[in-house]
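Encoded as structure tokens, the structure appears first; notes follow it.
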Amino acid sequence: MDNAANMILYRNLEQGQILANMTWIMEQYISGSYKQNREDVLSLCYESLHDLIELSASHGFEGNLWHNYLTYLMVNNENAYSTACEIRGSVSGSINDLARHDFTIFKELFGFDFETLIRELDIPELALLENYKRSDVSGNVFNHRIRDRICNLSVHLEQCKTVTKFQSEVTDFYREFGVGKLGLHKAFRIEHEGQGARIVPIKNIAHVHLDDLVGYERAKQKLTDNTRAFVQGKQANNCLLFGDAGTGKSSSIKAIINQYYDQGLRMIEVYKHQFQDLNSVISQIKNRNYKFIIYMDDLSFEEFEIEYKYLKAVIEGGLEKKPDNVLIYATSNRRHLVREKFSDKQERDDELHTNDTVQEKLSLVARFGVTIYFGAPDKKEYHHIVKNLAEASQIQMEEEELLLEADRWELNHGGRSGRTAQQFINYLLGKE
């Protein structure tokens with residue numbers, strides 16, 4: 001058996017110590033050296049079994065844990081081959097031969113027979129590696145969608161007869177789902193560390209879809225058209241969704257990522273105080289095969305805040321061109337983002353060119369090529385939203401009574417909006 005240390009592309013593996021320990025045990029067994037090092041081999045066997053069980057618990061794996069683990073290593077490792085294949089599929093060139101070398105080792109590891117090892121070392125617990133039943137508590141690293149994809153790929157790889165087929169299965173996974181954290185997850189946040197930023201997956205996001213959002217058809221269509229063009233590699237614009245609170249601006253953007261995730265769209269949420277990390281974030285994603293939306297929710301600036309000047313430079317105006325695979329989507333209750341005062345236009349106390357101040361504040365919103373308005377619904381539209389939400393939630397109530405109660409609710413809860421309608425429906429469901 002080839003040593004895993006001889007792999008060329010798949011190195012620096014996350015959770016790679018388990019692989020190093022297990023391959024050492026296998027080599028000791030195959031060479032017969034385990035008879036002289038029996039205590040060391042037994043100790044490392046139990047340690048490796050512990051690590052695999054912990055991994056399965058945190059990631060939600062089930063079935064053949066050894067195969068799940070090896071599959072996890074392949075789908076999580078970002079290297080020259082895997083990142084070249086993400087979204088695009090198989091590539092040509094010498095990189096394929098190098099990948100086949102590594103996949104040959106992985107396939108041998110897949111085919112290792114633990115039965116004789118279990119008998120020779122008298123460790124019946126190792127049998128759990130091949131048929132593990134997870135507990136009712138799901139893992140906290142992956143959601144069930146990602147977990148099931150890895151487990152399914154593991155089963156397919158187990159059935160491969162040749163290295164060529166083995167490589168093809170993994171490559172198809174890269175093409176369909178991607179690789180590493182950027183491939184397996186939809187949305188991300190950033191954490192500042194040192195001189196840069198770390199992109200961290202958001203494991204649970206709202207599974208809202210555009211069809212779930214009642215009304216605002218023209219606004220949703222405008223957002224969809226721009227995003228579709230972006231995903232398809234056509235020219236697209238940064239987007240600003242502005243308007244009244246609770247009208248579905250943020251929900252629409254969340255729905256967009258759910259709709260286009262399988263076409264390579266990803267989203268990174270950035271807050272105002274993190275604008276200093278934008279260049280670091282963009283440098284990490286600009287050469288990947290995914291399309292990224294940098295999402296800024298509830299964006300607005302007070303007069304004393306200067307972060308908007310930095311954002312202007314990042315969006316458009318710096319020496320380095322913004323990558324073609326990055327757009328910025330923002331939501332705001334303010335049309336012009338930066339707070340305006342009458343004094344900006346009327347007072348001329350200390351500033352000779354007052355109009356320059358006004359234009360500087362307006363120039364930020366000009367960086368967004370598409371602006372979409374979400375206004376508060378009138379009474380008819382509000383009733384339409386309430387009726388659709390009630391139907392979707394299977395609330396049994398006479399329409400006249402439903403709408404009367406909805407009107408009473410909105411009078412005491414912030415006025416008419418999609419959010420108010422949903423809160424009213426939640427209230428009715430809670431009463432049931």
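When the chain is described by a simple charge dipole with +1 on each Lys and Arg Cβ and -1 on each Asp and Glu Cβ, the residue from Leu126, Met26, Val270 located farthest towards its positive end is Val270.
Computed from backbone phi with θ = phi - 60° and the Karplus coefficients 6.51, -1.76 and 1.60, the 3J(HN,Hα) list for segment 69-74 is 5, 4, 5, 4, 4, 6 Hz; x is used for glycine and proline.
The phi-based Karplus calculation (6.51 cos²θ - 1.76 cosθ + 1.60; θ = phi - 60°) puts the 3J(HN,Hα) values of segment 11-24 at 10, 6, 6, 5, 6, x, 5, 4, 5, 4, 5, 5, 5, 5 Hz, whole numbers, x for Gly and Pro. Rounded to the nearest 10 degrees, the inclination of helix 249-260 to the longest alpha-carbon principal axis of the chain is 40 degrees. Per-residue ellipticity at 222 nm from helix content only, as computed over the chain with -39500 (n - 2.57) for each DSSP H run of at least four residues, stands at -16000 deg cm²/dmol. Taking 12 Å as the cut-off, no amide N atom of segment 75-114 comes nearer than this to a point 7 Å along the Cα-to-beta-carbon line of Asp262.
Relative contact order of the chain, taken over Cα pairs closer than 8 Å and 6 or more residues apart, is 14 percent. Protein heavy-atom accessible surface, 1.4 Å probe, per residue over the chain: 51 Å².
Rounded to the nearest whole Hz, the Karplus-based 3J(HN,Hα) values (6.51 cos²θ - 1.76 cosθ + 1.60, θ = phi - 60°) of segment 123-130 follow the sequence 10, x, 5, 5, 4, 4, 4, 9, with x at glycine and proline. For the chain, the longest principal axis of the alpha carbon atoms and the long axis of helix 379-392 meet at an angle near 20°.
Please find the FRET efficiency linking Gln17 to Lys161, where r is the Cβ-Cβ separation and R0 is fixed at 25 Å, and quote it to the nearest 0.05. Efficiency at R0 = 25 Å is approximately 0.25.
Label-to-label distance for Asn426 and Arg218 is 3.0 nm, based on points extended 7 Å past Cα in the beta-carbon direction.
For segment 390-432, the residues whose amide N sits under 20 Å from a probe point set 7 Å from the Cα of Asp298 along the beta carbon direction are 413-424. Within the chain, the proportion of C-alpha pairs whose separation exceeds 37 Å stands at 42%.
Sorting the segments 200-212, 52-64 by their mean number of nearby beta carbons within 10 angstrom, highest to lowest, gives 52-64, 200-212.
Between segment 224-283 and segment 130-190, the alpha-carbon centres lie 26 Å apart. Could I have the simple spin-label model distance between Asp324 and His144, label points 7 Å from Cα toward Cβ, reported in nm to one decimal? Modelled inter-label distance: 4.0 nm. Paramagnetic label reach from Arg198 (point 7 Å along Cα→Cβ; backbone nitrogen cut-off under 19 Å): within segment 64-91, residues 76-78. Note on the chain: with a GNM built from Cα contacts shorter than 10 Å, the maximum mean-square fluctuation among Tyr29, Tyr290, Tyr72 falls on Tyr29. Largest mean-square fluctuation among Leu311, Leu157, Leu327, in a Gaussian network model of the chain whose springs join Cα atoms under 10 Å apart, belongs to Leu311. Among Val170, Val75, Val314, determine the one that fluctuates most according to a GNM of the chain built with springs between C-alpha atoms less than 10 Å apart. Top of the fluctuation ranking is Val314.
Computed extension length for Thr104-Asp40: 20.2 nm, one decimal, from 0.36 nm per residue of separation with the Cα-Cα distance subtracted. What a 1.4 Å probe finds exposed on segment 113-200 is 46% carbon and sulfur by accessible area, rounded to a whole percent.
DSSP bridge analysis restricted to the chain gives an antiparallel fraction near 25%, rounded to the nearest 5.
The values are calculated or read from the model by the stated rules, or taken from the named source; none is laboratory data. Remember, predicted model here, so these are calculated numbers, not experimental data. No Cβ is skipped: glycine too gets one built from the backbone with ideal geometry, and neighbour counts run over all protein chains shown. To get the accessible areas, we keep the full protein, side chains included, count just its heavy atoms, and leave off ligands, DNA and RNA. Shrake-Rupley method; radii C 1.70, N 1.55, O 1.52, S 1.80 Å.
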